[in-house]
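Peer 1: Pasting a structure below so you can have a look.
The values are calculated or read from the model by the stated rules, or taken from the named source; none is laboratory data. Please read these numbers as outputs of a predicted model, since none were measured by experiment. When we count neighbours, we look across all protein chains shown, and the Cβ atoms used for this are built from the backbone with ideal geometry, even at glycine.
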Amino acid sequence: MKRLIGSVVLLAFALAVIAQEPPKPPEAPVREIKVSAKKYEYSPEEIRVKQGERVRLLITATDRKHGFEIKELGIKTELEKGKETVVELTIGKPGTYQIKCSVRCGFGHGGMRAQLIVEPATEVPASN
């Protein structure tokens, strides 16, 4: 009987160990970038990030309602005056992505543009 109880306890312990989830790798830190939108311009006009980098854009329209669109990435949002809008992204493909205002904001609306430049991730050379 003692042997049976010992076997059951050992089996229960083994199942508990097997059922545990493997530890998750730590998430990469998020880089926050403040962006402002105002009368026909974004500031900064050029945003540089690394391929695969987790980025959180904190975008504020300072003068009126504007839009923020990166068509190639499927991002499109409206920016309410004075309210911070958060856009989170991780881009896997290097390149230059056009940012434009997607809300008609006046005569200079068509020129309200910026660029998101995604630089290739640097690889650590293998040691010999």
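Peer 1: Restricting attention to the range 83-105, which residues are loosely packed, with under 12 Cβ neighbours inside 10 Å and over 22 Å from the mean Cα position of the chain (by Cα)?
Peer 2: Arg104
Listed here are the residues, each with its yes/no results for (1) at pLDDT 95 or above; (2) within 12 Å of Val35 (Cβ to Cβ).
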{"position": "Ala61", "(1), (2)": "yes, yes"}
{"position": "Lys71", "(1), (2)": "yes, no"}
{"position": "Lys81", "(1), (2)": "yes, no"}
{"position": "Val87", "(1), (2)": "yes, yes"}
{"position": "Gly92", "(1), (2)": "no, no"}
{"position": "Gly95", "(1), (2)": "yes, no"}
{"position": "Ser102", "(1), (2)": "yes, no"}
{"position": "Phe107", "(1), (2)": "no, no"}
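Peer 1: With the requirement that a residue be surrounded by fewer than 15 Cβ atoms within 10 Å (Cβ to Cβ) and in a strand (DSSP E or B), what does the range 57-76 give you?
Peer 2: Applying the first criterion (surrounded by fewer than 15 Cβ atoms within 10 Å (Cβ to Cβ)) to the range 57-76 yields 58, 62-63, 71-72, 74, 76.
Listed by number, the residues that qualify are Leu58, Lys76.
Peer 1: When you look at Glu119, is it modelled with pLDDT of 95 or more, closer than 19 Å to Ser43 by Cβ and either of a type in the set (Gly, Ala, Ser) or surrounded by 12 or more Cβ atoms within 10 Å (Cβ to Cβ) (or both), yes or no?
Peer 2: On the way: modelled with pLDDT of 95 or more: yes; closer than 19 Å to Ser43 by Cβ: no; either of a type in the set (Gly, Ala, Ser) or surrounded by 12 or more Cβ atoms within 10 Å (Cβ to Cβ) (or both): yes.
Judged against the criteria, Glu119 is not a match.
Peer 1: I want to confirm something. Restricting to the range 46-72 and keeping residues that are among the basic types (Lys, Arg) and within 15 Å of Thr96 (Cα to Cα), which single residue is farthest from the chain's Cα centre (by Cα)?
Peer 2: Going residue by residue through the range 46-72, those that are among the basic types (Lys, Arg) are 48, 50, 54, 56, 64-65, 71.
Now drop any that are not within 15 Å of Thr96 (Cα to Cα), which leaves 48, 50, 71.
Numbers: Arg48: 13, Lys50: 11, Lys71: 16 Å.
Only one residue fits best here, namely Lys71.
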